[in-house]
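Novice: Let me begin by handing over the structure; questions about it come next.
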Amino acid sequence: MRVTVFGGSSPKPGEPAYQDALSLGRLLGKAGHTALTGGYIGTMEAVLRGTAEAGGHAIGVTCEEIEAWRKVKPNPWVQEEMRYASMRERLFALIENCDAAMALPGGVGTLAEIAVMWNHMQTESIPTRPLILIGEGWRQTIQLFLLSLDEYTSAEHRKLLSYAPDVETAFSQLESPNNS
């Protein structure tokens, strides 16, 4: 299975968020999955590192706009690079080239990735696939959104998201026969 993992760029090696992403990557790699991330630093690096170290395939989806803005290069764990000119192309590559997606904690970019993928499944622009949000922060964020703007999101469209308190639970949900 090809699994896109969204997440923040700020976690550093040794920090709990980095270690969680590393653990998720190891779980994906041990199961023989291919992981796709943005290919740079933080959780993107940790997931690809864990995947590669565990024998899985690690794909970094990179773009020129990010490298011009942040002065970063693909991390050393990228085994295959999918490179694009714009952030828009990169985002759609992450969404369209996966069988499932997970979102670790992150900021505005991660929120945008979740929202775009969710919207594309809602409008049937892409086939429905698992979109698992990891951590209480995402659950609270989406619940507040739904509480505040309840009438805009049907019960059917709410079911397009699932939540997991930690990476182990998220991985179990991914491996569940209901997600095949």
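Just so you know, all these numbers are worked out from the coordinates, no wet-lab data involved. In this text, all values refer to a predicted model and were calculated from it rather than measured experimentally. We place every Cβ from the backbone using ideal geometry, glycine too, and count neighbours over all the protein chains shown.
Novice: Set the Förster radius R0 to 35 Å, insert the Cβ-Cβ distance between residue 73 and residue 151 as r into 1/(1 + (r/R0)^6), and round the FRET efficiency to 0.05.
Specialist: 0.15
Novice: Taking every DSSP beta bridge with both residues inside segment 2-175, roughly what % is antiparallel (nearest 5)?
Specialist: 0
Novice: Sticking with this structure for a sec: As I understand it, the value is the acute angle between the Cα axis of helix 108-122 and the longest principal axis of the Cα atoms of the chain; what does it come to in degrees, rounded to 10?
Specialist: Once rounded, the angle reads 50 degrees.
Novice: Which loop trypsin sites (Lys or Arg not before Pro) in segment 119-179, with loop taken from DSSP, have no more than 10 other Cβ atoms within 10 angstrom of their Cβ? Working shown, then result.
Specialist: On the way: sites: 139, 158, 159; in loops: 159.
For trypsin sites (Lys or Arg not before Pro) across segment 119-179 that sit outside H, G, I, E and B with at most 10 neighbouring Cβ atoms in 10 Å, the list reads 159.
Novice: In nm, give the distance between the simple-model label positions of residue 128 and residue 178, each being 7 Å from the Cα along the Cα-to-Cβ direction.
Specialist: My value for the distance between the label points is 1.2 nm.
Novice: May I pose another question? Could you pull out every residue, at least 5 positions away or on a different chain, whose amide H is within less than 5 Å of the one on residue 84? Hs are placed 1.01 Å off N in the peptide plane, and Pro or chain starts have none.
Specialist: Sorted by chain and number, the residues that satisfy this are 62, 63, 64.
Novice: Post the alpha-carbon centroid distance, segment 1-25 to segment 70-108, in whole angstrom.
Specialist: 13
Novice: List the relative contact order of the chain as a percent without decimals, with contacts defined as Cα pairs under 8 Å and 6+ residues apart.
Specialist: For the chain, the relative contact order is 21 percent.
Novice: Cross-link partners among lysines for residue 71, C-alpha distance below 30 Å, same-chain residues fewer than 8 apart left out?
Specialist: 12
Novice: Now for a separate question. If you count, for each residue, the other Cβ atoms within 10 Å and average over each peptide, how do 47-60, 161-174, 1-14 line up from highest to lowest?
Specialist: 47-60, 1-14, 161-174
Novice: Moving on. Could you run the Karplus curve 6.51 cos²θ - 1.76 cosθ + 1.60 with θ = phi - 60° over segment 29-43 and give me ³J(HN,Hα) per residue in whole Hz, x for Gly and Pro?
Specialist: x, 4, 7, x, 7, 9, 9, 10, 9, x, x, 10, 9, x, 5
Novice: If a paramagnetic tag sat 7 Å from the Cα of residue 80 along the Cα-Cβ line, which residues of segment 15-45 would have the backbone N under 13 Å from that point?
Specialist: Of the residues in segment 15-45, 33-37 have backbone N under 13 Å from the label point off residue 80.
Novice: Among 28, 147, 160, which one shows the highest mean-square fluctuation when the chain is modelled as a Gaussian network with alpha-carbon springs under 10 Å?
Specialist: Between 28, 147, 160, it is 147 that shows the largest mean-square fluctuation.
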